[in-house]
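Notes for the one structure printed next.
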Amino acid sequence: MVKLWHNERDSAFALNLCLRHRRFFYDIISLMPDTTGSSKKIMPLLFKKYPDPKIALHFSNPFELLIATILSAQCPDTRVNNVTEKLFRQYRTAEQFAALDSEKLEGEIFNINYYRSKAKAIIGCCKQLIRDYHSQVPHTMEELVTLPGTGRKTANVILGCAFGKPVIIVDTHVLRVANRLALAHSNIPVKVEQELMLQIPKDKWTSFSLALILHGRETCTARQPACGSCVLYSVCKWPEKDLNRHKTDATA
Ligand code: SF4
């Protein structure tokens, strides 16, 4: 065995140094562009399956998408669409929502998870739109995240899907699938966003993240990913994909 260190004290010092700074080295490595080119192999396969990926929420303008996205946190999109179909027929503007009292709006969105806090957020959001933004949905991340109920993910959905700006949307599906594919190496959404930005061409940011969301919903699910029938199987770096493929083969 090649002797790398002169004595035990040197090797212990080197090990300590690595352990103490592993987070730093990891951060540096995770922010480096993908040198293996795996994103180049993944993109065509994913876009072949989802040539024109779209957000599942129904909307006809940025304001409706803002309300629908606030409602969609931890709630299935199909349920949100059922509720908004009726809701947007009755209330169309920030003024109309801002004039509602909480109990009235709670009754309209009763089927949505966390309907009480979401009703409060929507009314607060609409009041702020009227007060600060001439009742219009703002176009920048900095402004959007000041609105109640609107975090970075919601802001990116609005920017990408309502205003056509290039964004990486990181929801729970993108977080999971990007890590399994080794395109990302973190559970922190903003870090995953940065990692993907370095590997995916800017004009594909929005469509790539929307395709990852669809793939995560339909195939690469949290509990039982269908690795055996996955179009990304050959390029996926998830260590459990073989085990999982046999499991899904056996249950098929
Ligand atoms: S092979 Fe399995 S883990 Fe990898 S992307 Fe496909 S479904 Fe997900």
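Consider segment 216-250 and keep the residues that are near the ligand (Cβ under 7 Å from one of its atoms) and assigned to a helix (DSSP H, G or I). The one that is surrounded by the most Cβ atoms within 10 Å (Cβ to Cβ) is C227.
Go through V145, V170 for me and flag whichever is β-branched (V, I, T) and buried (at least 22 other Cβ atoms within 10 Å of the Cβ). Sole residue among the options that is β-branched (V, I, T) and buried (at least 22 other Cβ atoms within 10 Å of the Cβ): V170. Is segment 191-211 home to any residue that is within 11 Å of the ligand (Cβ to nearest atom) and surrounded by fewer than 17 Cβ atoms within 10 Å (Cβ to Cβ)? Scanning segment 191-211 turns up no residue that is within 11 Å of the ligand (Cβ to nearest atom) and surrounded by fewer than 17 Cβ atoms within 10 Å (Cβ to Cβ).
Values in this text are rule-based calculations from the coordinates and carry no lab data. Worth saying up front: this structure is predicted, and the values here are computed from it rather than measured. Note: ideal-geometry Cβ built from the backbone for every residue, glycine included; neighbour counts use all protein chains shown.
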